[in-house]
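Novice: What follows is a structure written as structure tokens; I'll ask about it next.
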């Protein structure tokens with residue numbers, strides 16, 4: 001059963017190069033920085049704002065109106081984050097030096113010393129800046145954990161939800177698959193024995209196919225040699241219905257074999273996809289009829305409970321942000337500068353008459369992922385909830401078991 005409710009996050013590390021700051025941005029700091037806003041006197045610079053936008057747009061410059069809208073949205077998130085961190089300080093959830101040192105050591109272990117130094121240099125960060133951002137992330141996460149730890153779900157709530165939504169609880173007709181992929185595109189060393197041409201990809205997949213025919217374990221081969229993220233999971237790409245497979249680009253004859261002639265455990269020959277990749281599939285399970293799920297079937301009760309918890313977490317997250325903001329003194333210098341000069345909108349480029357802004361939300365840097373301090377180094381973090389929070393459905397609606405389409409085969413492009 002696929003969960004569709006994700007708890008709103010307050011923080012997410014962002015690592016990206018900053019835009020060149022506009023000469024006409026908001027001013028106000030004694031050391032000459034462009035100050036976008038202050039929260040209880042704590043400055044948020046335009047460099048931090050533009051760094052987030054740059055990460056979201058992957059370095060592509062935006063037209064003047066889109067950049068202005070994106071800056072306001074990114075700044076809202078940074079303001080909210082700073083306000084929630086102030087609440088974390090009040091609630092005494094700021095990590096100790098030992099906790100902070102342990103976390104940073106774990107992050108650095110993912111890099112060599114040279115790679116770590118390069119990351120800092122590329123993102124124009126110092127060790128102290130990374131440490132400060134990690135402290136905020138961990139403090140906010142601990143505050144969330146403290147708040148969410150008070151949530152309790154009564155058994156009757158679970159029963160009521162199931163009884164009111166029985167039609168959602170089904171095992172659909174479909175298949176579960178695993179895959180092994182070779183890709184002619186250079187992965188930059190991400191995969192062992194990485195193919196870098198069509199000829200190399202074909203030769204590699206044929207060699208792996210030969211290994212499987214001699215009895216090699218599919219998951220072991222996938223972990224060692226597959227050029228796809230599914231290899232980490234032994235090639236597992238999940239469960240899919242026929243329509244999922246068609247939409248993902250599976251050949252019609254392969255779909256027919258998966259649902260008819262192949263047996264569970266069978267492995268296909270190498271199949272060449274239009275994007276150049278070669279894929280070997282293993283049929284790991286098959287269900288030919290849609291079957292209803294009972295409340296006591298494995299996983300049903302637990303997943304309803306988790307969906308109810310995450311719905312409540314989402315609402316509490318919004319309440320936390322609003323309450324923290326009500327306690328903070330905020331001065332939005334970027335917005336003020338836009339109001340003072342509507343034709344510049346806080347930037348160097350004058351807005352052309354009649355220009356149309358981008359579609360709502362197109363440039364918004366907000367994200368909605370589970371709260372966690374992700375891999376450093378980072379320049380700043382943003383609350384997932386924007387100033388206008390996303391609507392929360394009154395009742396969580398868990399989806400049918402195995403509803404998700406496979407993530408590979410053809411798997412996501414690198």
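Novice: Per residue, how much space in cubic angstrom lies within the convex hull of the C-alpha atoms of the stretch 29-126?
Specialist: Working: hull volume 13.7 nm³, N = 98.
With only Cα atoms used, the stretch 29-126 gives 140 Å³ per residue.
Novice: Could you calculate the FRET efficiency of residue 214 with residue 319 from 1/(1 + (r/R0)^6), where r is the beta carbon distance between them and R0 is 60 Å, rounded to 0.05? Let's see the in-between values first.
Specialist: Values: r = 60 Å, r/R0 = 0.99.
The pair residue 214/residue 319 has a calculated efficiency of 0.50.
Novice: Shape verdict for the stretch 74-214, please, from the Cα gyration tensor: rounded (a/c under 1.5), prolate (a/b greater than b/c) or oblate. Each step should come with its number before you reach the end.
Specialist: Values: a/c = 2.94, a/b = 1.20, b/c = 2.44.
In terms of gyration-tensor shape, oblate.
Novice: Next up: Extension gain residue 167-residue 92, at 0.36 nm per residue separation less the Cα-Cα distance, in nm? Before the final figure, lay out the partial values.
Specialist: On the way: separation 75, 0.36 × 75 = 27.00 nm, distance 4.54 nm.
22.5 nm is the gain from fully extending residue 167 to residue 92.
Novice: What is the distance, in nm, between label points placed 7 Å from the Cα along the Cα-to-Cβ direction at residue 159 and at residue 254?
Specialist: Label-label distance for residue 159 and residue 254, simple model: 4.7 nm.
Novice: Using Stokes-Einstein with the Kirkwood hydrodynamic radius over Cα pairs, what translational diffusion coefficient do you get for the stretch 173-289 at 37 °C and a viscosity of 0.692 mPa s, in µm²/s rounded to a whole number?
Specialist: Details: Rh = 14.3 Å.
Estimated via Stokes-Einstein, D reaches 229 µm²/s.
Novice: How many nm is it between the label spots at residue 121 and residue 329, if each spot is 7 Å from the Cα in line with the beta carbon?
Specialist: If labels sit at residue 121 and residue 329, their model points lie 4.3 nm apart.
Read-outs throughout are calculated quantities, based only on the coordinates presented, and are distinct from any laboratory measurement. Since this is a predicted model, take the numbers as computed values, not measurements. Note that we place each Cβ from the backbone using ideal geometry, even for glycine, and neighbour counts take in every protein chain shown.
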